[in-house]
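Pasting a structure here, questions to come.
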Amino acid sequence: MPKPWQRSSSARKVYRRTPGGRTVIHYRRKKVDWAKCANCGSILNGVPRLRPSEMRKLSKSERRPNRPYGGYLCPRCLRRELIRRAREAWVKV
C-alpha cells in the first residue's frame, strides 16, 4: 500500500524497471506551474519552477531577479509602471 502522500493527486507515478526485470512504481512530486507576471500573465524569467519547500532552501538572489518588483512583474510591465509613475510625479511638480 502506498504511503498517504503518495495516494494524493499531487504525486505523479513514474514506472521504473529494476535490474531483476520487475516494473515498480516510484512516486514523484509534480512540478509547480511557472511564475507569472501579476500584470500581463506572461511567464517570468529568472524564477525557478520549484515547490515552496524547495524554494525556501535557495538564497534570496536565486529565488527571483534582483530588481524592483523582481519575481512579481515582468520587465516590460515594470518599465511601463516606472514610466507611468515618473510621469505622475512630473505632473505634480
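Condition first: closer than 29 Å to Pro75 by Cβ and aromatic (Phe, Trp, Tyr). Now tell me which residues in segment 1-54 satisfy that. Show your work before the answer.
To start, the set of residues in segment 1-54 that are closer than 29 Å to Pro75 by Cβ comprises 30-54.
Across segment 1-54, the qualifying residue is only Trp34.
Within segment 64-88, which residues are touching a residue at least 24 places away in the same chain (Cβ under 8 Å) and of a type in the set (Gly, Ala, Ser)?
Once the filter is applied, which keeps residues that are touching a residue at least 24 places away in the same chain (Cβ under 8 Å) and of a type in the set (Gly, Ala, Ser), segment 64-88 yields Gly70, Gly71.
Go through segment 56-71 and give me each residue that's among the small types (Gly, Ala, Ser) and either farther than 16 Å from Leu82 by Cβ or open to solvent by 100 Å² or more (accessible area, probe 1.4 Å) (or both). Can you show your working first?
The first filter runs over segment 56-71 and keeps only residues among the small types (Gly, Ala, Ser), leaving 59, 61, 70-71.
Listed by number, the residues that qualify are Ser59, Ser61, Gly71.
Tell me, yes or no, whether segment 10-21 has at least one residue that is open to solvent by less than 80 Å² (accessible area, probe 1.4 Å), touching a strand residue (DSSP E or B) at 6+ places or on another chain (Cβ under 6 Å) and at pLDDT below 90.
yes
The values are calculated or read from the model by the stated rules, or taken from the named source; none is laboratory data. Since the structure is predicted, the reported quantities are computational estimates derived from the model, not experimental observations. Cβ sites come from the backbone with ideal geometry, for glycine too, and all protein chains shown count toward neighbours. For the accessible areas, the whole protein counts, side chains as well, though only heavy atoms, and no ligand, DNA or RNA atoms are used. Shrake-Rupley method; radii C 1.70, N 1.55, O 1.52, S 1.80 Å.
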